[in-house]
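Below is one structure; the comments refer to it alone.
The values are calculated or read from the model by the stated rules, or taken from the named source; none is laboratory data. Just so it is clear, the structure is predicted and the values come from calculations on it, not from any experiment. When we count neighbours, we look across all protein chains shown, and the Cβ atoms used for this are built from the backbone with ideal geometry, even at glycine. SASA here: full protein model, heavy atoms, side chains in, ligands and nucleic acids out. Shrake-Rupley method; radii C 1.70, N 1.55, O 1.52, S 1.80 Å.
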Amino acid sequence: MTNDILSKVRSEFGVALARLDDELKKIRTGRAHSSMLDGIMVTAYGAEMPLVAVGTVSAPEAQLLQITPFDAGNLQAVAQAIRDNQSLGLNPVDDGRVIRIQVPALTTERREQLVKQLSDKSEECMVRMRAARHEGLKEAKKAKEDKAISQDDEHRLEKQVDDAIAEMKTRVESTISAKEKEILTL
């Protein structure tokens, strides 16, 4: 019973960390990379679709992104979707076949804003982990009240969960500091 609860909590921690990694991929670091556009939704064929479903995204140069729509009729919709995403601050240019986006170098002020975003993303991840911890401990308490586990098992589980969250917090901090270093490097 305690192993089930612990594995469930660890699984939730893993989901929170994976989500943090996905969010960090979207934060630009001054170099162009295709995952910068992962969250873009394009209105094509009468429905909202992810950008990767309507075209190919590549980074042929360090400061350039290139999007090749599968259907040239979606060219304007793709460009508009990128323009409408204010958090990216990118201006796409199309030549009738492909869309090119020049990724401007980050200013010091923008770098500082991105570092603040990192701390927000880190806190969101930790909130998810603390919620998973709380749910796991609540489950353990209920199991103890139902006499499915002993009080010693409950305390042991609590310590294991606390150790797991401490380990995950260290991983989150190292991931965030690596991304921060990447952003602040000129």
Tell me which residues, restricted to the range 32-61, are closer than 17 Å to residue 90 by Cα and more than 22 Å from the chain's Cα centre (by Cα).
60, 61
Scanning the range 111-153 residue by residue, those assigned to a loop (DSSP other than H, G, I, E, B) and open to solvent by 80 Å² or more (accessible area, probe 1.4 Å) turn out to be 146, 147
Residue that is within 30 Å of residue 129 (Cα to Cα) and at pLDDT 90 or above, where the choices are 50, 69
50
Condition check: more than 19 Å from residue 59 (Cβ to Cβ) and not in a loop (DSSP other than H, G, I, E, B). Does residue 86 satisfy that?
no
State whether one or more residues within the range 10-21 are modelled with pLDDT under 90 and open to solvent by 80 Å² or more (accessible area, probe 1.4 Å).
no
I'd like the full set of residues that are in contact with a helix residue (DSSP H, G or I) (Cβ under 8 Å, 6 or more places away or on another chain), polar (S, T, N, Q) and surrounded by fewer than 16 Cβ atoms within 10 Å (Cβ to Cβ), limited to the range 57-86.
58
Quick one: is residue 101 within 22 Å of residue 181 (Cα to Cα), in contact (Cβ under 8 Å) with a residue 60 or more places away in the chain and surrounded by 13 or more Cβ atoms within 10 Å (Cβ to Cβ)?
no
May I ask you to verify whether residue 170 is free of Cβ contacts under 8 Å to residues at least 12 places away in the same chain and either among the β-branched types (Val, Ile, Thr) or in contact with a Ser or Thr (Cβ under 8 Å, 6 or more places away or on another chain) (or both)?
yes
